[in-house]
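Reviewing the structure listed below.
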Amino acid sequence: MLAVYEHGISRIVTDQKVFGAPASWQVLDPGELIERAVTHLTGLFRRHAPSSGRSCCSPVRSKDPLMPFRLFRNRSLSVGMTVTFIYMATFGTLPYFLTVLMQNVHGYSALETGLAFLVPSVAIATGTQLGERLTTRLGTRTTLIAGFAVGAVGTAVLALGFDADATYTTALPGLILSGIDQGIVWTAMWIAASTGVAPNEQGIANGMASTTLNIGNAIGLAVLTAIADVGTDGKAGDALQTCHRGRGVPRRPAHRGGHADRASDHDRSSSQNHRTHPDRRRGLCPHGAVSS
């Protein structure tokens, strides 16, 4: 393991140069972004393969390997690893989008956002307790399928709150339903990952499932944020809202007096700028829309 760490440290400066210039990635469309990322990651693994192969293959020939490959023959563990990947690539990305919704769209402060997350947190904690009972009564497979199915319904209901004019109360049923089922799946997938594994190898199995969990979160969030960015032409915040107004979508009403005053001041300032600088009156926006 020390050899792996040493090699990784020696290569980190070189590999950071590939991803260290975000501007070159921001101009790509989703398809090009995914293709470029896969190409660079493939090259990264190829560069690390020789030393990683020596580090990994040496323990395999020992009597007590770090990660016995025979564990992959455990169907329950393999299913558990797959489920952890899917779970974090889907449900695991929700906190990011919820945070963006609450802070960037509804204008919540950091404290208000944290308080808003109390409800889904309690729902998830409740679901973890239900997951243990359901797995014992219905079996791991049935619990996982039911949890994902009902969780998808809860996420669809949650989408009703993904609107500029929606209130927190609108999103509340989806937050509760989705949260409970996330907790159910969370418990069931770790039970699956540990089933059939010897007591002295439980830590190894947990590490394998945790690895796929984090990989799923990274890949799922990257793909979903790329999809969410489609049609925005790289714009965000006020610039994107201005484009939406140009396409006939009304600006969201501020939910507090202070925000309303700032929005009014911003509109008056924009109006003065338009009269002073006529060339700024029209700007290109996504889908051929123009700001006015």
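For a quick protection proxy, order the peptides 66-79, 83-96, 176-189 by their average other-Cβ count within 10 Å, most packed first. Walk me through the intermediate numbers first.
Numbers: 66-79: 14.7, 83-96: 20.4, 176-189: 24.6.
Answer by packing, highest mean first, reads 176-189, 83-96, 66-79.
Sticking with the crude label model, points 7 Å out along Cα→Cβ, report the distance from Asp163 to Val119 in nm, one decimal please.
Result for the modelled spin labels: 1.6 nm.
How many nm is it between the label spots at Val150 and Arg70, if each spot is 7 Å from the Cα in line with the beta carbon?
According to this spin-label approximation, the distance is 3.9 nm.
None of the figures in this text is laboratory data; all of them are computed from the coordinates on show. Only a predicted model underlies this, so the values are computations on that prediction, with no experimental measurement involved. Virtual Cβ from ideal backbone geometry, glycine too; neighbours counted across all protein chains shown.
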